[in-house]
Amino acid sequence: MLKRNCIGGFFMVKIAVLGFGTVGSGVVEVLRKNFQSISQKAGEKIDIKYILDIREFPDSPEKDIIINDIDTILDDDEVSIVVEVMGGIDPAYTYTKRALMSGKHVVTSNKELVAAHGAELLAIAKEKNINYL
C-alpha cells in the first residue's frame, strides 16, 4: 500500500530517486515537466522528496533535495516509492534490498541488477506485500 499525504485536499505520493546521472536527471526532468499529466494519469500527485547521489550539484535547481545518505530515505516514512536509476550492481543492490526490507516500493531501470538479483528482490517484495518493478 502506498503512503499518501493529503496536502491542500490533494493526495500526494512522496518518492526518492537514487542516482542523478543521465538517467536519474532525466527521470526528474520528465516528472517535473509532465507533472500535471502524470498526476492526472496516476490519480494523485507525485512529489520528489529526495535525490540520492554521491556527488554535489550546487548549481542544480534540485540542490535542496539532493542528499548523500540512503538512511535519510529509508528512515522517512513519508517516502513510499524508491526509483533506482544508479546502474550497476553496487551499491544499487544494497540500497534496493534495504528499501524493499523497509517496506518501500522500488522501480528500477537497472537490467544488470535485475538479471543478477531479480528473483531475490521480487521474493522480498512479495513477502513485504509491495512492488518491485
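The values are calculated or read from the model by the stated rules, or taken from the named source; none is laboratory data. For clarity, every value in this text was computed on a predicted model and none was experimentally measured. Here the Cβ is made from the backbone with ideal geometry for all residues, glycine too, and neighbour counts use every protein chain on show. All accessible areas refer to the heavy atoms of the entire protein, side chains included, with ligands and DNA or RNA removed. Shrake-Rupley method; radii C 1.70, N 1.55, O 1.52, S 1.80 Å.
Which of the residues that make up the stretch 48-57 are in a strand (DSSP E or B) and open to solvent by less than 40 Å² (accessible area, probe 1.4 Å)? Listed by number, the residues that qualify are 48, 50, 51, 52.
Taking the conditions exactly as written (touching a residue at least 40 places away in the same chain (Cβ under 8 Å), assigned to a helix (DSSP H, G or I) and closer than 22 Å to residue 29 by Cβ), does residue 81 satisfy them or not? The answer is no for residue 81. When each of 60, 39 is tested for being part of a helix (DSSP H, G or I) and either out of contact with any Lys or Arg (no Cβ under 7 Å at 6 or more places or on another chain) or not β-branched (Val, Ile, Thr) (or both), the lone residue that passes is 39. Scanning the stretch 1-41 for residues that are under 30 Å from residue 90 (Cβ atoms), modelled with pLDDT of 90 or more and open to solvent by 70 Å² or more (accessible area, probe 1.4 Å) yields 22, 23, 29, 30, 32. Scanning the stretch 63-77 for residues that are surrounded by fewer than 16 Cβ atoms within 10 Å (Cβ to Cβ) and either assigned to a helix (DSSP H, G or I) or not β-branched (Val, Ile, Thr) (or both) yields a count of 8.
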